[in-house]
Amino acid sequence: MNSLFDPIIELQDLTLTYGAEDQAKPALRSIRLSIEQGEWIAVVGSNGCGKSTLAKVIAGLVRPSGGHMICRAERRPAVQLVFQNPETQMIRDTVYEEVSFGLGHFGAAAENIEPRAMAALRRVGLDGRRHARTAALSGGQKQLLNIASCLALKPAVYVFDESTSMLDPQSRQNVLDVVRELHREGRTIIWITQLLDELAWCDRVIGMEDGAIVFDESKQSFFYGEEVGGERTAPSPCEQLGFVPPFTVQTALLLLASGWNLRPLPVSPEELSKAVSAL
């Protein structure tokens with residue numbers, strides 16, 4: 001039996017190289033990463049840095065060239081991946097057929113398929129559209145259906161690969177609400193994004209560059225960097241990776257520079273409001 005203190009996922013010197021040996025291109029370089037049960041990990045970096053490749057390796061869709069991945073989840077399937085494009089994963093004609101397909105594929109008992117499929121659809125608000133054709137759904141509804149298909153399988157780890165990047169603001173919020181509920185229930189979330197306001201709910205930030213992990217600390221450290229005597233000593237890791245901090249963090253940085261001692265350092269608008277109110 002695994003120790004309660006063992007990480008649910010552990011990557012040990014994991015590498016991935018594409019192409020023939022004489023034209024090999026490294027996509028992942030000596031990745032070392034431990035993810036605890038129930039953590040919400042955010043993975044950020046510019047296009048081509050290896051984020052999506054890492055997601056596919058963790059989900060078992062791509063085999064690494066070297067190193068090891070250990071997954072200690074007892075649930076099967078252990079990991080499910082929600083892609084960026086909502087239409088990428090859809091293969092059936094109706095909403096119900098889509099969400100129940102995976103259950104049949106993974107050997108769920110016939111009498112359990114409908115209750116589990118409908119429970120998953122209720123959680124994302126699509127139970128009233130079980131007979132609708134998937135092609136008639138909006139982009140946000142298609143992404144919620146993809147999430148429902150994962151929910152029905154009850155994996156231990158959910159990987160979201162820029163799953164809100166193609167959605168309108170309301171659809172994006174609907175997806176985030178579902179994921180936040182999963183996290184409150186103790187599910188492990190790996191959230192890949194370039195929308196930095198979405199880091200407000202994560203426990204830890206992984207920064208990637210050129211196929212390697214270059215940052216692995218708290219979201220506060222990512223956005224604010226290090227301070228000595230109340231002064232910032234260097235650009236934050238967020239800035240070093242070429243990102244502009246979200247408006248909440250920009251506002252907090254201006255207040256800090258003006259001498260206001262905001263604690264704890266805010267990332268979300270709610271945290272900023274509380275920090276200011278406490279002054």
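Overview of results
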{"quantity": "Estimated FRET transfer efficiency (Ser277, Asp168; beta-carbon r; R0 45 Å; 0.05)", "calculated": "0.90"}
{"quantity": "For region 99-117 and region 120-151, distance of Cα centres in Å", "calculated": "16 Å"}
{"quantity": "Accessible area of Arg123 in the full protein assembly, 1.4 Å probe (Å², nearest 10)", "calculated": "80 Å²"}
{"quantity": "Given charges at beta-carbon only (K, R positive; D, E negative), |dipole| of the chain in Debye", "calculated": "700 debye"}
{"quantity": "Surface per residue (accessible, 1.4 Å probe) for region 20-177, Å²", "calculated": "48 Å²"}
{"quantity": "Estimated 222 nm signal from helices in the chain, with DSSP H stretches of n ≥ 4 weighted -39500 (n - 2.57), rounded to 500", "calculated": "-10000 deg cm²/dmol"}
{"quantity": "The chain, relative contact order in percent, only Cα pairs under 8 angstrom and at least six apart counted", "calculated": "21 percent"}
{"quantity": "Placed amide H near Tyr18: partners under 5 Å, 5+ positions off or other chain", "calculated": "Lys25, Ala27"}
{"quantity": "In Hz, Karplus ³J(HN,Hα) per residue of region 145-156 (6.51, -1.76, 1.60; θ = phi - 60°; x = Gly, Pro)", "calculated": "5, 4, 5, 4, 4, 6, 4, 4, 7, 6, x, 7"}
{"quantity": "For Phe83, solvent-accessible area (1.4 Å; no DNA, RNA or ligand), Å²", "calculated": "50 Å²"}
{"quantity": "With every protein chain in place, the chain: carbon and sulfur % of accessible area (1.4 Å)", "calculated": "49 percent"}
{"quantity": "For peptides 172-181, 40-49, sequence by mean Cβ density within 10 Å, most packed first", "calculated": "40-49, 172-181"}
{"quantity": "Heavy atoms of Asp93: accessible area, 1.4 Å probe, square angstrom to 10", "calculated": "90 Å²"}
{"quantity": "Percent of Cα-Cα distances greater than 34 Å, calculated over the chain", "calculated": "25 percent"}
{"quantity": "Distance between modelled label sites at Ser218 and Glu111, nm, 7 Å Cα→Cβ extension", "calculated": "5.1 nm"}
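The values are calculated or read from the model by the stated rules, or taken from the named source; none is laboratory data. Keep in mind the model is a prediction, meaning the values are calculated, not measured. Every residue, glycine as well, gets a Cβ built from its backbone with ideal geometry; the counts of neighbours run over all protein chains shown. For the accessible areas, the whole protein counts, side chains as well, though only heavy atoms, and no ligand, DNA or RNA atoms are used. Shrake-Rupley method; radii C 1.70, N 1.55, O 1.52, S 1.80 Å.
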